[in-house]
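To keep things clear, I will list the structure first and then write my remarks on it.
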Amino acid sequence: MTPEEEKAHHAETSQPAGDRPEWVPENAGTAFATWVVEGVNRAGTFGAPSAPPRRRQLTIDDYAAGIQARDTTILARAITLIESNAAAHQDLAQQLLARVLPETGRSMRVGITGIPGAGKSTIIEALGCALCEEGHRVAVLAVDPSSTVTGGSILGDKVRMEKLSRQPGAFIRPSPSGGSLGGVARKSREAILLCEAAGYDIVIVETVGVGQNEVTVRSMVDCFLLLSIAGAGDEVQGIKKGVMELADIIVVNKADGDNRLRALGARAELERVLHYLKPATEGWTTPALTASARTGEGVTEFWDKVREFFDVCRKGGMLEERRREQAIAWMHALIREALQAEFYQNAAVRAAVAEIEQAVAAGVKPSLAAAKELLAAAKPP
């Protein structure tokens, strides 16, 4: 065998069986070691990757058993269920709420609101970690603002509460506001009930933080806490009513370092304002406190005030009365929501609304007259 034949024979026997890539020159020999070879087939023929398996649909019994077993994954899916707008999901959610209702009502429901940047998430994390170390089970329902342009929401509160999220006794659920007024998600009330049924003895609702009109959370919690910072307004700002007259406890946050003296001054100013306001809860005088979520100073003290508030309300019967009133108010709110949805689904309204909207936009028809015309169209003949 000549040297050329020996070289060709060696190339044929030493290279794997397969095809050369298009960019390899002809008669390249062993100068190019790249070959396209068939892969190892371990489970049949290769093809397009299959879609990931869908999660198993849970039944009412699955949801109820998971919540009773304190399974946080099932609890999260149950909250997603009640937040869904699908008709089938809404029916299932109401059945689930009816099932777990006897296990609810045993928690301390605390709402925390305040202007953006007041440190709500930071102080909740400091408080939640301290409570978990005491043996409490803490659920945090954090509501993030939804974009009015895209409808999306960052849901960044769980990222902010990194230490609390690692606590075995904590559950953090961020939810989009979905455009709801009042700084809370539309289904936050039902989420509170599910958390209570899962054994969380403290439920904290953190609102979006939109200003003086953020009052809806008052209608779903027992204790309403307003978080403020130094420089948030003067006495006139305080007596302009709104959220301040609904607060059971006011805390001036960021009372540390160079800001400590300003925070103490803000606290004194709030105390003067509270002197002119009627207490939000009968038999309870709203205090103004200072705290620092960064250093932890004052956090234990203001939670002691929260405990004192619950003791006073339980002894005086205000807690049970407030929850009864809230349940009735929520029923009426749901009626208004259902009537509004039914109104816009009416065939006559859907047929006329576009033309009437154009007339209102063009300034041809007053808004009140247009509204009355649509209401008249919705009435049965």
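Among the residues of the range 262-293, the ones that are open to solvent by less than 70 Å² (accessible area, probe 1.4 Å), in contact (Cβ under 8 Å) with a residue 24 or more places away in the chain and part of a helix (DSSP H, G or I) come to 8 in all.
If the condition is being modelled with pLDDT under 70, crowded, with 24+ Cβ neighbours inside 10 Å and of a type in the set (A, V, I, L, M, F, W, C), then the range 178-194 contributes VAL184, ALA185. Taken as a whole, the range 60-83 holds no residue that is outside any helix (DSSP H, G or I), modelled with pLDDT under 95 and over 23 Å from GLY169 (Cβ atoms). When ILE335, ILE356 are screened for being loosely packed, with under 12 Cβ neighbours inside 10 Å, β-branched (Val, Ile, Thr) and not assigned by the TED database to the domain that holds CYS223, only ILE335 passes.
Within the range 164-177, the residues that satisfy the criterion of being in contact with a Gly (Cβ under 9 Å, 6 or more places away or on another chain), modelled with pLDDT of 90 or more and not in a loop (DSSP other than H, G, I, E, B) are LEU164, ALA170, ILE172.
On the basis of being at pLDDT 95 or above, assigned to a helix (DSSP H, G or I) and over 30 Å from ILE204 (Cα atoms), does ALA377 make the cut? Considered against the rule, which asks whether it is at pLDDT 95 or above, assigned to a helix (DSSP H, G or I) and over 30 Å from ILE204 (Cα atoms), ALA377 comes out as no. The residue that is nearest to GLY283 (Cα to Cα), among those in the range 335-355 that are polar (S, T, N, Q) and assigned to a helix (DSSP H, G or I), is GLN340. Tally time: how many residues in the range 321-334 are closer than 14 Å to ARG109 by Cβ and either in contact with a helix residue (DSSP H, G or I) (Cβ under 8 Å, 6 or more places away or on another chain) or not in a helix (DSSP H, G or I) (or both)? The total comes to 3. The sole residue among GLY296, GLY317 that is free of Cβ contacts under 8 Å to residues at least 60 places away in the same chain and at positive phi is GLY317. The one condition from (1) surrounded by 11 or more Cβ atoms within 10 Å (Cβ to Cβ); (2) farther than 30 Å from LYS187 by Cα that ASN346 does not meet is (2). A count restricted to the range 91-107 and to residues that are open to solvent by 30 Å² or more (accessible area, probe 1.4 Å) and either in contact with a helix residue (DSSP H, G or I) (Cβ under 8 Å, 6 or more places away or on another chain) or outside any helix (DSSP H, G or I) (or both) stands at 7. When GLY296 is tested against (1) of a type in the set (Gly, Ala, Ser); (2) in the same structural domain as THR281 (by the TED database); (3) loosely packed, with under 11 Cβ neighbours inside 10 Å, just one condition goes unmet, and that condition is (3).
The values are calculated or read from the model by the stated rules, or taken from the named source; none is laboratory data. The shown structure was predicted, so the numbers you read here are calculated from the model rather than taken from an experiment. Quick reminder, even Gly has a Cβ in these numbers, built from the backbone with ideal geometry, and neighbours come from all protein chains shown. Heads up: the accessible areas ignore ligands, DNA and RNA and are worked out on the full protein's heavy atoms, side chains in. Shrake-Rupley method; radii C 1.70, N 1.55, O 1.52, S 1.80 Å.
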